[in-house]
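Accompanying notes for the structure given below.
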Amino acid sequence: MSRKTLTIALMDPPYESENLTTAFRILEVAARRGYHINVFAYEGAAGLAFVRQTQHPNPVHGKDVAEENHPTTKDQVAALLAAAEQSGGKVDWVNCGMCVDERGVNEFVPGTRRGSPADFHAFAEASDNVLVIPTK
Amino acid sequence: MAQYLLIESRDPFESNDVGYYYDLAKGLVEGGNQVTLFLVQNGVLPARPSARSAALNALARNGVTVLADDFSLQERGIAKLAEGVAAAPIEVVVEHLAAGHKTLWH
């Protein structure tokens, strides 16, 4: 069976849209199948892999950091990379350079990289399929 | 004949654009294509038997495969589905992508 290559473009910023929950579910399935995955994180999505995200407590619910165990998108990105590697696939996660500069989020999860829309074009050319998940 | 996967994430009670997306599905089928409409997130709300379910039933009768994401259904407490709609896992999306089907997200 040939190893598929899929490209997904994301545009939503962290912690705002259910689109990202669905996107990570799709990506996780593809990773478990050992597919090669390209992700182009554009506009707000450029913050998904920002490495300085930290978990926080939830004083309203009386939970400390450990009890709240709030998921961060940087950990989801790292988990995706690990899952792909475990299945023999790979993830090329590109953070739009201008987008990260605008937002001050240019420190990435290891294994992701800075790029530009030209990378998205190259991904599309080299992929079996492309899914663009736009903002609402 | 082409194969299409149309992903609908929006709630038709909130967005009138959803109706246009359903029209796109219907038009593609009428043009001789195979179309799967995959409802996800608040897009699954009309899968609960309701005032907006008739449109999904009509699509199914016209030959569109109408699926609703099982995770989104569970989150919203939707157990009983409108006629013509079937629950499906998110794996369906990856299978369509891997098969090279034209895939759109709304």
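Read-outs: derived from the displayed coordinates by stated rules, not from any lab. This is a predicted model, so every value here is computed, not measured. Note that we place each Cβ from the backbone using ideal geometry, even for glycine, and neighbour counts take in every protein chain shown.
Between the C-alpha center of the range A:61-136 and that of the range B:34-55 there is a gap of 30 Å.
When peptides A:22-33, B:55-66 are ranked by their average number of other Cβ atoms within 10 Å per residue, the highest-first order is A:22-33, B:55-66. Peptide B:95-105 is shielded by partner chain Cβ atoms: per residue, an average of 5 of them sit within 10 Å of its Cβ.
What net charge is computed for the residues neighbouring B:Leu59, neighbours being all others with C-beta under 13 Å from the C-beta of B:Leu59, Lys and Arg scored +1, Asp and Glu -1?
The answer is -1.
Between B:Gln3 and A:Glu18, the modelled label-to-label distance comes to 2.8 nm, taking each label 7 Å out from Cα in the direction of the beta carbon.
Under 5 Å between amide hydrogens, built in the peptide plane, is the criterion, and for A:Val132 it picks out A:Ala9, B:Trp105 among residues at least 5 positions away or on other chains. Taking GluC sites (Glu not before Pro) across the range B:57-106, the ones in a DSSP loop with at most 16 further Cβ atoms lying within 10 angstrom of their Cβ are B:Glu83.
Think of it as helices only: each DSSP H run of n ≥ 4 in the protein assembly as shown is worth -39500 (n - 2.57), and spread over all residues that comes to -10500 deg cm²/dmol at 222 nm. Among the residues of A:28-34, the average count of other protein chain beta-carbon atoms within 10 Å of the residue beta-carbon is 3. Where both residues lie in the range A:5-133, what percent of DSSP beta bridges are antiparallel, nearest 5? Of all bridge pairs located within the range A:5-133, approximately 10 percent are antiparallel. Considering only beta bridges that DSSP places wholly inside the protein assembly as shown, some 5 percent are antiparallel.
Give the lysines whose C-alpha is closer than 26 Å to that of B:Lys102, dropping any in the same chain fewer than 8 places away, or say none. Reachable lysines: A:Lys4, A:Lys90, A:Lys136, B:Lys26.
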